[in-house]
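Below is one structure, written out as structure tokens; the observations come after it.
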Amino acid sequence: MNSRHHQNIKDKKMLHATGRLIAFAILHQSYSSQPVNPYVPLLLNAACDESSDKSEQAFVQLLLTSASGDNNNEVLQKSAVDYVNGPVAASQALLPREQLEKQFCRSIVQPQPQVSSFRSATVRCAIPDPDIPQSCANSSEISAPGSKQKSTSDDRDSALVALLQEKSWGRLGPQWIRPNPPRLHILDGELQWLNPDNNHELLWDYSMCAETSRGAAIRDLIARALKGPLVPAQQEDLVEHNPLIAVELLSKLMNSPDIAGYFDVLVHMEMSLHSMEVVNRLTTAVELPTGFVHEYISNCIQSCQNIKNNSFKLMVT
């Protein structure tokens, strides 16, 4: 029986009265052919338990006192129901606990600590020297040359100290050697173990809390320029405010079929220093039509004649 069965016997609610008597009989008879019974303490407690039924105490005491074979067979000839309902419990005098313990003290088995097979297979590390008998007196012959002669008791004491300092307590045991277990086959759908790296780097978001309103107008104009063409009506403002960009755009539009419309706007717009700069740069960058050049020059001459500001007229000329 294991510890779980012991708990079932101790708990009086787990088994009925007849079942408990049968269990006690099994515990007693299991070691009837052996000199000692490890369940004697349990039987003694049940025989002297005043909280139990008197029939149970009487039955267990009958088991303990029926040492001989005839008495034992006589006790077991009756059923558990006979002991529970019969007159045996009422007529039997119960023995005190001290008398039972004194009678069965030799049958009580003290639990022995479990010792592993490896520890029991150890041998002593200290082996006597066969060349030096144990009864040998102190002699210079067993001492190393040039060393101070030591007594036998000193050598024995130092050896004992060295053995006590060993973790194995002066015992040499076998090593626990076993083959390495085989590796399991990796299945196709098996999860893979990942070892993540703990070296984390900080990633800065430079756009966080940054002012996004700066350059919004420029971005809007660029977006509009990418989605729509430059119409001739917008050319006059472009020439006056960004003449260099106007030169680059007109240079790219030289092969366009709409270039005549852009030249017409440039000829008929009001003459200014920026418009003259645009035409001057175009003459050096690309080959302009002759009709456009003559018409622009005549328009400039006519505009100069209409200028009333002499200083501006002199600067344009």
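Side notes on the structure shown:
- Rg(Cα)/(2.2 N^0.38 Å) for the stretch 223-316, N = residue count: 1.12
- The slack in the chain from residue 54 to residue 252, taken as 0.36 nm per residue of separation less the alpha-carbon distance, amounts to 59.0 nm.
- Cβ-Cβ FRET estimate between residue 117 and residue 204, R0 fixed at 51 Å, reported to 0.05: 0.20
- Net length gained if the chain between residue 175 and residue 103 were fully extended (0.36 nm per residue, minus Cα distance): 21.3 nm
- Percent breakdown of C-alpha pair distances by 10 Å bin, ordered from the shortest bin, for the stretch 192-270: 13, 31, 17, 12, 11, 7, 7, 2
- Each of residue 272 and residue 304 was given a label point 7 Å from its Cα along the Cα-to-Cβ line. The distance between the two points is 2.0 nm.
- Loop-located GluC sites (Glu not before Pro) in the stretch 227-292 (DSSP state other than H, G, I, E, B) with a sparse environment of at most 10 neighbouring Cβ atoms within 10 Å: 270, 287.
- In sequence order, calculated HN-Hα J values of the stretch 36-52 (Karplus, 6.51, -1.76, 1.60; Hz; x Gly/Pro): 10, 10, x, 9, 4, x, 5, 5, 5, 5, 5, 6, 10, 7, 6, 7, 8
- Distance from the stretch 192-206 to the stretch 239-298 (C-alpha centre basis), Å: 59
- In plain terms, the residue of 292, 59 with the fewest other Cβ atoms within 10 Å comes first and the most crowded comes last, giving 292, 59.
- Residue 213/residue 233 FRET efficiency (R0 35 Å; Cβ-Cβ; nearest 0.05): 0.70
- At R0 = 30 Å, FRET efficiency that the Cβ-Cβ distance of residue 85 and residue 36 yields, to 0.05: 0.35
Coordinate-derived values only; no laboratory data. Here the structure is a predicted model, which is why all the values come from computation and not from measurement. Cβ sites come from the backbone with ideal geometry, for glycine too, and all protein chains shown count toward neighbours.
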